[in-house]
Amino acid sequence: MKYGIIGTGAIGGYYGSRLAQSGQDVHFLLHRDYAYVKEHGLQVDSCDGSFHLDHPSVYERTADMPACDVVLVCLKSINNHLLQTLLPPLLKTETLVVLIQNGIGVEDDVQAMFPQVQLAAGLAFICSAKTEPGCVSHQCYGQINFGNYSCRDEQRMQQLLDDFNHAGVKAGLVDYHEARWKKAVWNMPFNGMTVALNTRTDLLLKNPATRQLIREQMMEVIGAAQHLGVKNLDEAFADKMIDMTDHMTPYSPSMKLDYDFHRPMEINYLYTRPIAIAREAGFDMPRLSMLEAELRFLGTYGE
């Protein structure tokens, strides 16, 4: 299949490069480092084996890119309004658009923009960063789950899964709502807490007080999900996420990097929307509502 990557950063750069390395036809949209990558290629420094793409297919505008079978949207969700311009040149009748983004509600809003487009969610469990032009630093993990939001072609979903696994990326198909809320169990506590306390994931878990608070926040997410009818999400999953993070390379999540580099934070889909959805269903998330308020303050005055 022909793949398009919108947002060649820590996530799009890693997964797109893995697909290209495995022989897939991959086309990358770049912004700041387009000229550098055009001349020097893409470097992936990975815990699973580093590699270099000498001559990737790179573009500054989607208008110059071919129509694709699958488009991986790896933009920060605060930039999703740009999809109204970026996405149409890449679309064919049966194109599958995969939103590898954080938060709850992103597919709802993109589907409203493009009612006929087939959508899926991509839930990445990965520690990856891009802090230099043309270089992705993959520190640990890397698996991804896909949840079908509105794809009419089950074979297309299966081919997506097969292509990722063939590229050396562990991938699975899961229920859409389950996938989104499972990712939120990790994202909502750790993204915001690393910003609010100016710290890393490992330090949050080494301190007994913040370790307990992280777990309580995870249980709020799980409680909300259960209240909304999401299956396969219980207390054991919180313990699994904490154990996974205990063994993770010390890490600053994407929201912490955004805050440190004075970029807007993804507060809406990571906090405001899931908190509102849960509240509408009769479930309050008080600890995470407080964290959201702190992030709103820091986003206004923190620079």
Exactly one of Val73, Val26 is within 27 Å of Met265 (Cα to Cα), touching a residue at least 12 places away in the same chain (Cβ under 8 Å) and surrounded by 21 or more Cβ atoms within 10 Å (Cβ to Cβ), and that one is Val73
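Could you tell me which residue of region 222-251 is farthest from the chain's Cα centre (by Cα), considering only residues that are outside any loop (DSSP other than H, G, I, E, B) and closer than 17 Å to Asp175 by Cα?
His227
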Restricting region 116-147 to residues that are over 16 Å from Leu75 (Cβ atoms) and not in a strand (DSSP E or B), the residue that is most open to solvent (accessible area, probe 1.4 Å)
Gln116
Taking the criterion of being surrounded by fewer than 20 Cβ atoms within 10 Å (Cβ to Cβ), in contact (Cβ under 8 Å) with a residue 12 or more places away in the chain and either part of a helix (DSSP H, G or I) or not β-branched (Val, Ile, Thr) (or both), would at least one residue in region 98-106 satisfy it?
yes
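Can you list the strands (runs of 3 or more DSSP E) found entirely within region 1-91 that contain at least 1 residues being hydroxyl-bearing (Ser, Thr, Tyr) and at negative phi? Walk me through how you get there before you give the answer.
Numbers: elements: 2-6, 25-29, 42-46, 51-53, 57-59, 70-73.
Because the criterion is at least 1 residues that are hydroxyl-bearing (Ser, Thr, Tyr) and at negative phi, the strands (runs of 3 or more DSSP E) in region 1-91 that meet it are 2-6, 42-46, 57-59.
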Of everything in region 222-236 that's touching a helix residue (DSSP H, G or I) at 6+ places or on another chain (Cβ under 7 Å) and open to solvent by less than 20 Å² (accessible area, probe 1.4 Å), which residue is farthest from Asn191 (Cα to Cα)?
Val230
Within region 242-258, does at least one residue satisfy the condition of being of a type in the set (Ser, Thr, Tyr), open to solvent by 40 Å² or more (accessible area, probe 1.4 Å) and touching a strand residue (DSSP E or B) at 6+ places or on another chain (Cβ under 9 Å)?
yes
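Just the residues that are open to solvent by 40 Å² or more (accessible area, probe 1.4 Å) and closer than 20 Å to Gln226 by Cβ, please, taken from region 282-303.
Gly282, Phe283, Asp284, Pro286, Arg287
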Could you tell me whether any residue of region 50-57 is among the hydroxyl-bearing types (Ser, Thr, Tyr) and over 19 Å from Cys135 (Cα atoms)?
no
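Please enumerate the residues belonging to region 175-215 that are in contact (Cβ under 8 Å) with a residue 40 or more places away in the chain and either outside any helix (DSSP H, G or I) or open to solvent by 60 Å² or more (accessible area, probe 1.4 Å) (or both).
Of the residues in region 175-215, the ones in contact (Cβ under 8 Å) with a residue 40 or more places away in the chain are 175-196, 200-203, 205, 213.
Answer for region 175-215, where residues must be in contact (Cβ under 8 Å) with a residue 40 or more places away in the chain and either outside any helix (DSSP H, G or I) or open to solvent by 60 Å² or more (accessible area, probe 1.4 Å) (or both): Asp175, His177, Arg200, Leu203.
The values are calculated or read from the model by the stated rules, or taken from the named source; none is laboratory data. On a predicted model such as this, the values are computed, not experimentally measured, just so you know. Cβ sites come from the backbone with ideal geometry, for glycine too, and all protein chains shown count toward neighbours. Each accessible area value is taken on the protein alone, full model and side chains, heavy atoms only, with ligands, DNA and RNA left out. Shrake-Rupley method; radii C 1.70, N 1.55, O 1.52, S 1.80 Å.
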